[in-house]
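Take a look at the structure set out below.
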Amino acid sequence: MNAAVPEQIPKIGISPMQNRVHLGHLGTFSTIGVFCAYLLVPSLPTINVDMEIDLWALQFVVSLYLLGFAFGQLLFGYASDHYGRRAALICGCVMFTFFGALGVISQTAIELIVSRFFQGVAGASGTIIARAHVQDTTCGPATTSSLARLNLMASLTLALAPLLGGFLQSIGGWKFVLGFMTLQGLAVLCCAVISLKETRKSEMSQSGLLIAYGQLLRTDGFFKVAVSGALITTCIYAMNVSLPTILLEEYSMDKVVPPFVLSGFVGAMMVGSMLTARQATKWPRHRSIVGGTIMILVISSLLLACSLLLHSPEVALALLFAFACTVGFVSPIALASAIGTTEGHVGLAAGSYGAVQMATGSLFAVLAGLLEYRLVGIASLLFLSAAVSLLLQVTRPEATLPRKRTA
């Protein structure tokens, strides 16, 4: 028997317009960490010259930031459950601003890399608190719809960050870019102090970190939901790092093409997230994830056939854009399912899922290199990840029922 789809439930006590403004604030908190991860990328050649960093060490300016971002999701996920959403975000913004300022005055490569690592740790606070705040204040399809909108904002900032970073670099150099990040952290801190209300429920667990992790891992369905969601949402990492090689070597395209295709990838993911935001009230969450995973299985199968039998860049690109759109559609639904499996550790669940995603995405990037960035290998990897994800989805316990809200 088909269960009725729950009615969308917005934050209690505010108008739809206020809810949109509130979601905009959450989007500001959520995107600062991702935005600043790539804002400095256009400045890397200048940093290499100014600080005389070896090329192998230069990658740590970005990679250690991302490592810190992964660790920060675990840290602030726990902190938001233990000390409250507002306190955790304010602490994260203070840290982000402080280590951003240290980056500006850094004189050596070690100082810069260390400051970037801790800035990445702090940058994760906004992402985790925004997700936990949505889970605290909505339920059912409203949670999925709000998370889809946050995902849409993240995709947009991901596309704009390198462009703005390059512009700022042309104005004042890489320290000017770091100064802009510091001011951005200060602005988000002021916004958090003024606008963010505490939403953590008093009955949430106050246990220690290791005990909290143990309780979370024992929660029915969380492990399978987290791993299955990570497999289908981060397999796109393998395609992103492989696409330039595929287009240039396998399809002999011009060197100016890959950046536009990658931008189109981001646009396709945004389309998928927009579809989720608009249709979340109509489609049951679990069926949507299963349907999206099956879609990825079909697309990867066709992509594999295209790589073996049909040397057509037009068909391959059409399938790749369909794949990116599907990932954009599934991502917020998988996130809502992961953080909705537990009552007492909402922040920790959000942080754990984010960390699993980053670890899985890194693994996919490594596997893409081992497969020599070839389309046939990447298509096979996409198919395998979707198949494993689907197996986990159909064997996991029934999803937790949406929680009732009381005024």
Residues whose built amide H sits under 5 Å from the amide H of Cys139, excluding neighbours closer than 5 in sequence, are Ile9
In debye to the nearest 20, the charge dipole size for the chain, taken about the Cα centre with +1 at each Lys and Arg Cβ and -1 at each Asp and Glu Cβ, equals 1380 debye
Of Ser352, Ser228, Ser307, which is the most mobile in a GNM of the chain whose springs link Cα atoms less than 10 angstrom apart?
-> Ser307
Would you mind getting me the FRET efficiency between Ser252 and Ala318? Use the beta-carbon distance for r and R0 = 25 Å, nearest 0.05.
-> 0.85
Counting other Cβ atoms within 10 Å, which trypsin sites (Lys or Arg not before Pro) in region 221-300 have at most 12 and lie in a DSSP loop?
-> Lys255, Lys282
In whole Å, how far is the Cα centre of region 217-295 from that of region 72-147?
-> 24 Å
Note down the relative contact order for region 215-395 as a percent, whole number, built from C-alpha pairs under 8 angstrom at least six residues apart.
-> 45 percent
So which DSSP H runs in the chain come out at 24 Å plus along the axis (Cα) with average Kyte-Doolittle of at least 1.6?
-> 85-105, 174-195, 313-339, 375-395
In nm, the gap between the two label points placed 7 Å beyond Cα toward Cβ at Val193 and Ser301 is 5.8 nm
Top positive-direction residue, dipole computed over the chain with Cβ charges, set Ser146, Tyr373, Ala350 | Ser146
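Throughout, read-outs are computed from the coordinates displayed, never taken from laboratory work. Just so it is clear, the model here is predicted, and its values are computed rather than measured. As a convention, Cβ positions derive from the backbone with ideal geometry for all residues, glycine included, and neighbour counts pool all protein chains shown.
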